[in-house]
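**Q** Can you keep this structure in mind? I'll have questions shortly.
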Amino acid sequence: MAITVKSKNNRANQQIRLFLCALFLYGAFPIHAQFYGTEPLDQAYDYLLNYRLDSCKSKLQKSPKNPSNYYLQLLSTSVNLVIADDEVHFKSLKKMEAEFLSAVEAEKFSEAEKGFLKAEARLQWGLIKLKYGEEFSAFWNIKQAFSLAKTTSETFPGYLPISKTFGLLHAMLGLVPEKYSWVLSIFGMQGDLEKGMAELQKVIQYERDFSLEAQIIVSMIHGYLLGDHDISVTEMQSVCSVRESVLTNYLYSLLLMKNSNSSMAMEVISNTEGKDHFPFFSYLTGEILLQQGRYTEAISAYDDFKNTADGQSLLKDAAYKTALCYYLSGDKPTSLNLMSKVLETGVAKNEADKYAQSEAILKDQSHPELYKLRFATDGGYFDLAKKILVGIDQLQLTSKDLCEYHYRAGRLYHKTHRLPAAKENYEKTISSQNNNAWYFAPNAALQLAIIFISEQKIEDAKVALKQLDAYRGYPYESSIRQHAKSLRDSLD
């Protein structure tokens with residue numbers, strides 16, 4: 001696995017880390033009760049889904065210590081550490097992994113239940129450690145989780161809950177670059193995206209208690225790894241229709257925005273009960289208002305997020321977007337002043353924060369109309385985006401801005417199904433980037449491959465993916481290359 005070969009390929013390591021953290025954050029929230037036969041456990045579960053973790057903990061302490069209680073204890077700790085993003089807090093809670101495993105082993109649960117709980121504990125703590133940079137320890141956790149899931153699955157083939165754990169492991173390990181698959185084999189692990197998805201589908205179809213949790217995982221894989229945004233939104237809409245909550249609505253909003261439907265996302269956010277105690281809704285609101293060109297309101301939303309966020313994640317990006325709002329409002333001095341403060345805000349761990357950091361260092365702002373075009377297109381405000389595009393004078397653009405212009409035009413035409421124009425602009429993007437480390441050309445190549453696949457032009461798609469492979473060291477590289485790998489695997 002790439003985690004073990006960091007010295008050979010740091011990019012591959014980063015790619016896997018980001019993917020695993022994303023899967024954990026977007027796939028760890030169950031939607032239906034796991035063996036919850038009592039009102040106290042159902043209530044604790046509801047508190048968890050609505051991000052009221054103290055109430056959840058209190059309720060669990062007063063509830064029967066059955067496998068459901070243990071599972072919710074584990075999940076509550078995981079959600080806390082993922083969202084809080086506090087390294088000191090993480091170190092203070094690390095001992096809970098060993099305590100949890102010992103407590104499970106001492107209980108008079110069935111061997112199937114013990115195997116499932118221990119596999120989940122190893123997997124969830126492995127992903128938590130990965131998030132906090134303890135990569136070697138995380139790898140061993142994932143190896144142990146795989147071994148426990150495999151043994152439990154083989155010993156108790158009719159015990160479907162373990163298929164949720166094993167399916168997730170197969171899916172995420174199936175996305176390790178092929179040239180590193182030998183490392184998995186050495187440690188007795190084998191990834192298989194197709195097999196993992198099939199296992200998750202089996203849980204969705206036949207295991208009532210875990211069906212919607214598996215559906216969340218499948219939805220996120222489609223949306224964030226396979227690029228099947230319509231499928232991901234449909235799956236998550238189904239989830240929310242059964243169990244609406246703060247966390248499920250948050251995930252639904254993320255997928256809607258990724259599918260360029262920010263209007264619907266804003267509606268979901270506005271109608272979420274309890275949204276005010278979950279800061280990430282303020283962040284998403286800021287994003288949508290920025291896409292709409294409502295800069296003063298966007299600044300207020302970003303400020304709300306920065307003032308109430310529990311951890312460090314996305315603080316840097318929010319500070320960067322705040323500076324952009326002033327820039328797009330015509331207040332360049334304030335924008336430049338705030339841009340310098342981006343470097344002092346939060347941490348640069350995820351791709352959005354890293355991009356914000358790099359942009360703040362460069363202070364190389366694009367033409368303001370290109371930002372407006374980008375945000376309007378991303379949000380699905382296509383009429384607004386078309387007006388912005390028509391108003392841009394290409395003769396006034398720098399070489400970088402012209403490259404971005406073709407990329408943004410390609411994205412707009414692609415999203416509005418004008419494929420010949422999209423392909424033309426993607427090709428112009430690639431030809432005008434030269435050797436610069438921008439993300440425009442590699443993502444243009446990725447989008448060309450997607451279009452060619454839809455047109456059954458497989459060889460053209462392979463050529464486009466080969467073009468993408470030639471680029472290195474650009475923003476969003478991990479996610480772009482991961483998506484390319486998924487496409488390439490689908491062609492083989």
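**Q** Could you give the dipole magnitude of the chain about its Cα centre, charging the beta-carbon of Lys and Arg +1 and that of Asp and Glu -1, in debye to the nearest 20?
**A** My answer is approximately 940 debye.
**Q** Once phi is turned into θ = phi - 60°, what whole-Hz ³J(HN,Hα) does the Karplus curve with 6.51, -1.76 and 1.60 give for every residue of the range 224-240, x standing for Gly and Pro?
**A** 9, 10, 9, x, 8, 5, 4, 5, 4, 5, 4, 4, 6, 4, 5, 4, 5
**Q** Please work out whether the range 130-207 counts as rounded, prolate or oblate from its C-alpha gyration tensor, where a ≥ b ≥ c are the square roots of the eigenvalues and a/c under 1.5 means rounded, while otherwise a/b larger than b/c means prolate and anything else oblate?
**A** prolate
**Q** A further question on this structure: I need the fraction of alpha carbon pairs in the range 355-444 separated by more than 17 Å, rounded to a whole percent.
**A** 48
**Q** Considering the Cα positions of the range 417-492, please state its Rg to one decimal place and its Dmax as a whole number of Å.
**A** Here Rg and the maximum Cα pair distance are 11.6, 31 Å.
**Q** Could I ask something else about it? Post the alpha-carbon centroid distance, the range 301-329 to the range 191-209, in whole angstrom.
**A** When both Cα centres are located, 38 Å separates them.
**Q** Between the range 82-142 and the range 242-277, what is the C-alpha centre distance in whole Å?
**A** 29
**Q** Just to check, using Stokes-Einstein with a Kirkwood Rh over alpha carbon pairs, what's the diffusion coefficient of the range 134-258 at 25 °C and 0.890 mPa s in µm²/s?
**A** So the translational diffusion coefficient is about 160 µm²/s.
**Q** Is the shape of the range 379-424 rounded, prolate or oblate, going by the alpha carbon gyration tensor and its root eigenvalues a ≥ b ≥ c, with a/c under 1.5 for rounded and a/b larger than b/c for prolate?
**A** Values: a/c = 2.24, a/b = 1.40, b/c = 1.60.
Note, shape of the range 379-424 comes out oblate.
**Q** Now for a separate question. Please sort 224-230, 295-301 by packing, taking for each peptide the average over its residues of neighbouring beta carbons within 10 angstrom, highest first.
**A** Working: 224-230: 17.3, 295-301: 19.0.
Going by the mean number of other Cβ atoms within 10 Å, highest first, we get 295-301, 224-230.
**Q** Output ³J(HN,Hα) for the range 380-395: one whole-Hz value per residue in order, computed from phi by the Karplus curve 6.51 cos²θ - 1.76 cosθ + 1.60 with θ = phi - 60°, and x for Gly and Pro.
**A** x, 8, 6, 5, 4, 4, 5, 5, 5, 4, 4, x, 8, 8, 4, 5
**Q** Ordered by packing density, taken as the mean number of other Cβ atoms within 10 Å over each peptide's residues, highest first, how do 360-372, 67-79 rank? Numbers along the way, then the final one.
**A** Numbers: 360-372: 16.5, 67-79: 21.4.
The peptides rank, most packed first, as 67-79, 360-372.
**Q** For the pairs Lys57/Lys143; Lys341/Lys363; Lys316/Lys349; Lys95/Lys150; Lys129/Lys195; Lys65/Lys114, flag any whose C-alpha to C-alpha distance is greater than 18 Å.
**A** Lys57/Lys143; Lys95/Lys150; Lys129/Lys195
**Q** Further question: Within the chain, what whole-number % of the accessible surface is contributed by carbon and sulfur, with the 1.4 Å probe and all protein chains included in the calculation?
**A** Here it works out to 50 percent.
**Q** Output the relative contact order of the chain, whole-number percent, from Cα pairs under 8 angstrom with separation of 6+ residues.
**A** 11
**Q** Bin by bin, in steps of 10 Å, what percent of the Cα pairs in the chain do you find, going until the bin that has the longest distance?
**A** 4, 18, 30, 27, 15, 5, 1, 0
**Q** A further question follows. Can you tell me what the convex hull of the Cα atoms of the range 244-387 projects to on average, as an area in nm²?
**A** Hull-based average projected area comes out at 8.1 nm².
**Q** Angle check, please: helix 280-292 long axis (alpha carbons) against the longest principal axis of the chain (alpha carbons), in degrees 0 to 90, nearest 10.
**A** Long axis of 280-292 versus the principal axis of the chain: about 20 degrees.
**Q** Once phi is turned into ³J(HN,Hα) by the Karplus curve 6.51 cos²θ - 1.76 cosθ + 1.60 with θ = phi - 60°, what whole-Hz value does each residue of the range 205-210 show in order, with x for glycine and proline?
**A** Ordered by residue, 3J(HN,Hα) equals 7, 10, 10, 4, 5, 10 Hz.
**Q** Follow-up question, since we're still on this one. Helix-only estimate, please: 222 nm mean residue ellipticity of the chain, summing -39500 (n - 2.57) across DSSP H runs of length 4 or more and dividing by its residues, to the nearest 500.
**A** -23000 deg cm²/dmol
**Q** Enter the accessible area per residue of the range 417-468 (Å², integer; probe 1.4 Å; all protein chains in place).
**A** Computed with neighbouring chains in place, this is 49 Å² per residue.
The values are calculated or read from the model by the stated rules, or taken from the named source; none is laboratory data. Every value quoted in this text rests on a predicted model; they were computed, and no experiment measured them. Ideal geometry is used to build each Cβ from the backbone, glycine not excepted, and the neighbour counts take in all protein chains shown. For accessibility, only protein heavy atoms count, side chains too; no ligands or nucleic acids. Shrake-Rupley method; radii C 1.70, N 1.55, O 1.52, S 1.80 Å.
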